[in-house]
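Below: one structure, written as structure tokens.
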Amino acid sequence: MARSVWKGPFLDGYMLTKADKARASGRNEVIKIWSRRSTILPQFVGLTFGVYNGQKFIPVLVTENMIGHKFGEFSPTRTFYGHAVDKKAKRK
């Protein structure tokens, strides 16, 4: 279920200050964040965020298409190694 419009997008407070500092410094460094539930805002376009997936920080370069989505959508938490090999089918 989506968040109601009158509440506005959810964003952890520290993220705006980190984004402002990174934009003011002019350097393109990775901003480490733990908040996967925060919404991507237009102010974040062009910045690189390191989104924590429970094990490591995944670098996410924010583009215009990502506005309105959550950071967690771009940092997968599970690694898919493929399906198990079916030994009966290989025997032919």
Filter the range 45-89 for residues that are surrounded by 11 or more Cβ atoms within 10 Å (Cβ to Cβ), aliphatic (A, V, I, L, M) and part of a loop (DSSP other than H, G, I, E, B) and give the result.
Val45, Leu47, Val62, Ile67
Glu29 fails exactly one of the following numbered conditions: (1) surrounded by 15 or more Cβ atoms within 10 Å (Cβ to Cβ); (2) in contact with a helix residue (DSSP H, G or I) (Cβ under 8 Å, 6 or more places away or on another chain); (3) without any contact (Cβ under 8 Å) to a residue 24 or more places away in the chain. What is the number of that condition?
(1)
Quick test for you: out of Glu64, Glu29, pick the one residue that is modelled with pLDDT of 95 or more and closer than 28 Å to Thr79 by Cα.
Glu64
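The values are calculated or read from the model by the stated rules, or taken from the named source; none is laboratory data. Keep in mind the model is a prediction, meaning the values are calculated, not measured. Please note: Cβ atoms are built from the backbone with ideal geometry, for glycine as well, and neighbour counts cover all protein chains shown.
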